[in-house]
Every structure is written in C-alpha cells, then in structure tokens.
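This report refers to the structure that appears directly beneath it.
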Amino acid sequence: MALAGSPGAKKGILERLDSGEVVVGDGSFLITLEKRGYVKAGLWTSEAVVEHPNAVRQLHMEFLRAGSNVMQTFTFSASEDKMESQWEAVNTAACDLAREVANKGDALVAAGICQTSLYKHHKDEARIKKLFRQQLEVFARKNVDFLIAEYFEHAEEAVWAVEVLKEARKPVAATMCIGPEGDMHGVTPGECAVKLVKAGASIVGVNCRFGPCTSLKTMRLMKEGLWAAGLKAHLMVQPLGFHMPDCGKGGFVDLPEYPFALEPRVATRWDIQKYAREAYNLGVRYIGGCCGFEPYHIRAIAEELAPERGFLPPSSDKHGSWGSGLNTHTKPWIRARARREYWENLLPASGRPFCPSLSKPDA
C-alpha cells in the first residue's frame, strides 16, 4: 500500500466525516511532555508552547508522520483562571505551532478548551463562559479549522462550552472524560451525548481518564442514547494509552500509580490496532488518543485502518506490518515472530513478579 503523498486542497472536518472518511486524531501532550521535561505535573498547564516551542513542534510533527489528520492546539488548561496573564500568549503560540505543522500535511487545526477550575465551586455560568470566550477570540483570530470542547466531567459545563464555541460558526466537537457510569452528577453517557448535540455539537464522544476498552463501552452507550433520542452526530473517541480496567468513576486520576508510575500499564501497538478496529466497527470515525498515547500508538491506528483510508502514514516506512521487518533477523526464533498471529495472541509479561495486576482507587 502506498504511503501518504503531498496534501492538496484540504477538506473540512465535517466534509471528511460526512463522506465516511476516517479521521485519525493526535495523542498525548501533557504526559509525554512531562516525561520529556517540558511540562510540570500538578496544574498540567501548557506554557511549553511559549517556553519550549521546539519541543511542542517536534511532538506535533511526530503525530503528523504517524498519520494524524488533526493537529490539536496544546491549549489544555490555558484559560485565564489557570494561567493568569500568560493565557493569551499561550493560546496564540499554540495555534501558530499547530498551523505550522498542519500545513506540512493533510491535517486540520483544532483548537481546544477544557473544564475550568471554577465550576466545582461556583457554577457561575456567566463567568465560566467569559473564560471560554476569551480563548475563542484567539482561536477565531487565528482562523482554526474547527473547535473541541474536551475533558469535561460535568455535562452542564460541557454544554456551556459548546454554546460558546458555536458563536464562532465553525464545526464543534465535544468530548467528556467520563466512563460508563456517566458524569459526576449521574448524567448517563447517552444523556450527555444528547445534551451536547442539542447544544450544537456536530461530533461527540469521550477523551482521557479511561483506557480504550472502557472508553468504547462508553461510546456504545452514547451512540445508543443518540439513537433513542432520534439524533445524529459523528462519534469521536480519544482514550488513554494505558490499560485501566480497575478505574472507578473518576478514572485514572484516582489510581495510586497516577501520574508517575503508569508505565506498566502502557498499551502495546497491537492493543491499539485492536482498539482502532473495534472503534471503527462501532461506527466511530474520529479515532485518536489522549494521555499516554504516543506517536507509535497513532501509527497503529493509521496502519490498522489503512485499508479504509487507502494509504499508510509516512512513519510506516520504518515499520513492517505486524512485525514483518523481523524476517531479516539472524535468529530463527525471532524471525518466527514476523507474523500477525504471533503478536495478536501474545500475552505480554510485565516483568514485575511482586506487583499486582490491578490496583484499588484511592477515591
């Protein structure tokens, strides 16, 4: 199969999804850049776009080469309540970096906002919407291609975000960081999806907090809720790149390993190929990842869905399908691993004989 060629005229996000095209999202910025020494854990703010633009640019480039169709601005927690006087410079720089890299391929720029620090304490709709609107003004000035309201654990605040983003008259996607139990007020996934679509979102789904398997269960509930309400929307999923079957309602942040000891839970590239196929079979057409989702995970999505997309990503030039590159190895037992059946059926060991396979959430 041919590798992706040079981009021509770019189609918009809804044009792509309406035609049935698979859109591959990007992956982890916060967790990855923290590991690389450019983000500080705690507030998880995105000032790296100003302080270390080359690091952010490099990560965007890695996702682009891996097959991502979307360069999402690194604007997580970049609202005034979390960044004070830095917020405008950070949002501006993030848009510029995403556009610079998107222009090197057939990728769109999506600008994102996330839940505020105010909602849990004040639920002041006017004040919260003002914070969203400040970021939106930068995104509109930079003429991003579409907008994402992501990482919301309360449906009401997510609805407020969608209502503000719709003011820009650009396509809006909305994803919540919830599992099958729903949001923190007990709103079910199906009800969340309905609320978001009624607010104006054209694309709905989940991101972060939960692993691929759990996130797909939540997506199924969202899809069923939309169907029952007689509503239609495109579906989007961007889970963690970690296995998290032992999460409680709050997701991985409540597990004792968060955030500095998650490595034993990292999904393999083969796990992600399985996830991509299951998401596609569920009817999801915007498929990406969030925290822990490295560029090779995004490449796994692009390779699994290459038959549907019609091409392989550039980084597949250095990656034999299902380990086929091992055919050149000098040792016969390693050459024997150069086949799909081997990797699909492998049960990888953790190498930690005294560690449990699951944890108990702290909350």
### Message
Using the alpha carbons of the chain, what is the convex hull volume per residue in cubic angstrom, as a whole number?
### Response
140 Å³
### Task
May I ask you to give the percent of accessible area on region 13-316 that is carbon plus sulfur, with a probe radius of 1.4 Å?
49 percent
#### Entry: Heavy-atom SASA rank of L326, L165 (probe 1.4 Å, accessible area, largest first)
L326, L165
### Query
List the lysines whose alpha-carbon lies under 24 Å from that of K223, not counting same-chain residues fewer than 8 positions away?
K166, K170, K195, K198, K232, K249, K274
### Query
Can you pull the accessible area of K217 for me, 1.4 Å probe, Å² to the nearest 10?
130 Å²
### Message
Between F260 and H329, what is the label-point separation in nm under the 7 Å Cα-to-beta-carbon projection?
### Response
3.5 nm
### Message
Suppose only helical runs count, i.e. DSSP H with n ≥ 4. What mean residue ellipticity at 222 nm does that imply for the chain under -39500 (n - 2.57) per run, divided by all residues and rounded to the nearest 500 deg cm²/dmol?
### Response
-11500 deg cm²/dmol
### Task
Would you tell me the accessible area of S85, worked out with a 1.4 angstrom probe on the heavy atoms of the protein chains, in Å² to the nearest 10?
110 Å²
### Summary
the chain accessible area per residue, 1.4 Å probe, protein heavy atoms, integer Å², reads 44 Å²
## Note on the structure
region 94-114 and region 51-86 have their Cα centres apart by a whole-number Å value of 8 Å
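The values are calculated or read from the model by the stated rules, or taken from the named source; none is laboratory data. This is a predicted model, so every value here is computed, not measured. Neighbour counts run over all protein chains shown; Cβ positions are idealised from the backbone, glycine included. The accessibility values were calculated without ligands, DNA or RNA, using every heavy atom of the protein model including side chains. Shrake-Rupley method; radii C 1.70, N 1.55, O 1.52, S 1.80 Å.
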